[in-house]
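Asker: Next up is a structure, given as structure tokens.
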Amino acid sequence: MIYKHRQQPSELPLLRCLHTRMNLSAEDKKYYFNLEKGFEGELRFDLFAKELTCECLILHDLLLTSNNTTFQIDSLMITAETIFIYEVKNFSGDYYYESEKFFNMRGTEILNPLHQVSRTASLLRSLLFKQGFNLPVDCKVIFINEHFTLYQAPVNDTLIHPTQLKTYFHKLNTLPFLLTKRHHLLAEKLLELQLDASPVKPKLPSYQYDQLEKGISCAKCHSFSVFVDGRKCVCNNCTHEEIVESAVVRAAKEFKLLFPKEKMSTGIVHDWCSIVRSKKRIKYILDKNFNAAGKNRWLYYE
Ligand SMILES: [Zn+2]
């Protein structure tokens, strides 16, 4: 049973908008792509977890503190006899293992996920001990991407390779034991201890209105080659069609996300969407979909 669902990383929607509307620096782009890829991998893992039929409580994406250290767990699963923690890696392509280190094929060393997950496990053990729970903690690194290969992989049952995923989950389903009230108490406690936000704020790119591409991006391929044809917005790139109203609402929400402090007036949204010629049409859509505040010339939407 899923006890806590996963939320997308809070900065992801904003980075997605910025990526379509401006040229991100190489560093920001890398950060954005890694975030997107990591989240995609976690969602893939969640699909496997959702199908589990054994008695268990699953908590996705936990942020906790132990010994003055904040740590994050991709997924935690409480079963009758063991707590499993999962570090999900969405690596694709070829990697190799040598002298207890992980490298990509260019020879660049990457953070050893085995060290990462064992550190997380020890922090969690200490936290549970303080809270009076003494279930054993087992940790796994899940390589979720089927296009991942690790050459010279160590024989280590902490690593679950893509070809082992189905068998691993199948084995979990054969766990015979039942959960008690105490297991539910533990899940409740972990939720209670969960931090709302990381003390380390993500470093987001700086941007200004004038720097950003205006228009409505295609909902499917994100291209700006979109034109208005009657009631529809049509993409020149992939032929995807969307009702003008829904496209304008989507673009207006993007504006709100990027500029939360700005008052969103008809004029601004008209300029922001750029491809809808009539201001009246924009006003009609905003009136219908947002709450108006202010008066006359100072009317804006929330
Ligand atoms: Zn398109």
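The values are calculated or read from the model by the stated rules, or taken from the named source; none is laboratory data. Not measured: the values here are computed from a predicted model. Heads up, the Cβs are rebuilt from the backbone with ideal geometry, glycines too, and the neighbour counts pull from every protein chain shown. Accessible surface areas use protein heavy atoms only, side chains included; no ligands, DNA or RNA. Shrake-Rupley method; radii C 1.70, N 1.55, O 1.52, S 1.80 Å.
Asker: Give me a count of the residues in the stretch 62-103 that are acidic (D, E) and surrounded by fewer than 20 Cβ atoms within 10 Å (Cβ to Cβ).
Answerer: Here the count works out to 4.
Asker: Are any of the residues in the stretch 178-198 more than 23 Å from K30 (Cα to Cα), touching a Ser or Thr at 6+ places or on another chain (Cβ under 6 Å) and open to solvent by 90 Å² or more (accessible area, probe 1.4 Å)?
Answerer: no
Asker: So E51 clears everything in (1) within 12 Å of the chain's Cα centre (by Cα); (2) at pLDDT below 95; (3) open to solvent by 40 Å² or more (accessible area, probe 1.4 Å) except one condition, right? Which one?
Answerer: Every condition holds for E51 apart from (1).
Asker: Can you list residue pairs whose Cβ atoms sit under 7 Å apart, with the first residue in the stretch 201-230 being closer than 14 Å to A247 by Cβ and the second being more than 15 Å from the ligand (Cβ to nearest atom) and assigned to a loop (DSSP other than H, G, I, E, B)? Count only pairs 6 or more apart in sequence or on different chains.
Answerer: K214/S274; G215/S274; V228/V276
Asker: Would you tally the residues in the stretch 208-230 being under 23 Å from the mean Cα position of the chain (by Cα) and open to solvent by less than 50 Å² (accessible area, probe 1.4 Å)?
Answerer: 5
Asker: Further question on the same structure: If you check H240, H270, which single one turns out to be modelled with pLDDT of 95 or more and over 28 Å from K295 (Cβ atoms)?
Answerer: H240
Asker: Pull up the stretch 231-248, narrow it to residues that are in contact with a helix residue (DSSP H, G or I) (Cβ under 6 Å, 6 or more places away or on another chain) and open to solvent by less than 20 Å² (accessible area, probe 1.4 Å), then point me to the one that is farthest from the ligand (Cβ to nearest atom).
Answerer: Checked the stretch 231-248; the qualifying residue farthest from the ligand (Cβ to nearest atom) is V248.
Asker: Go through (1) assigned to a strand (DSSP E or B); (2) surrounded by 17 or more Cβ atoms within 10 Å (Cβ to Cβ); (3) hydrophobic (A, V, I, L, M, F, W, C) and name the single condition F45 misses.
Answerer: With (1) assigned to a strand (DSSP E or B); (2) surrounded by 17 or more Cβ atoms within 10 Å (Cβ to Cβ); (3) hydrophobic (A, V, I, L, M, F, W, C) applied to F45, the lone miss is (1).
Asker: From the set of residues in the stretch 143-160 that are free of Cβ contacts under 8 Å to residues at least 24 places away in the same chain and either in contact with a helix residue (DSSP H, G or I) (Cβ under 9 Å, 6 or more places away or on another chain) or closer than 15 Å to V117 by Cα (or both), which is least open to solvent (accessible area, probe 1.4 Å)?
Answerer: Here the answer is I160.
Asker: Let me ask something additional. Kindly indicate whether any position in the stretch 3-15 is crowded, with 17+ Cβ neighbours inside 10 Å, part of a helix (DSSP H, G or I) and on the phi < 0 side of the Ramachandran plot.
Answerer: Yes.
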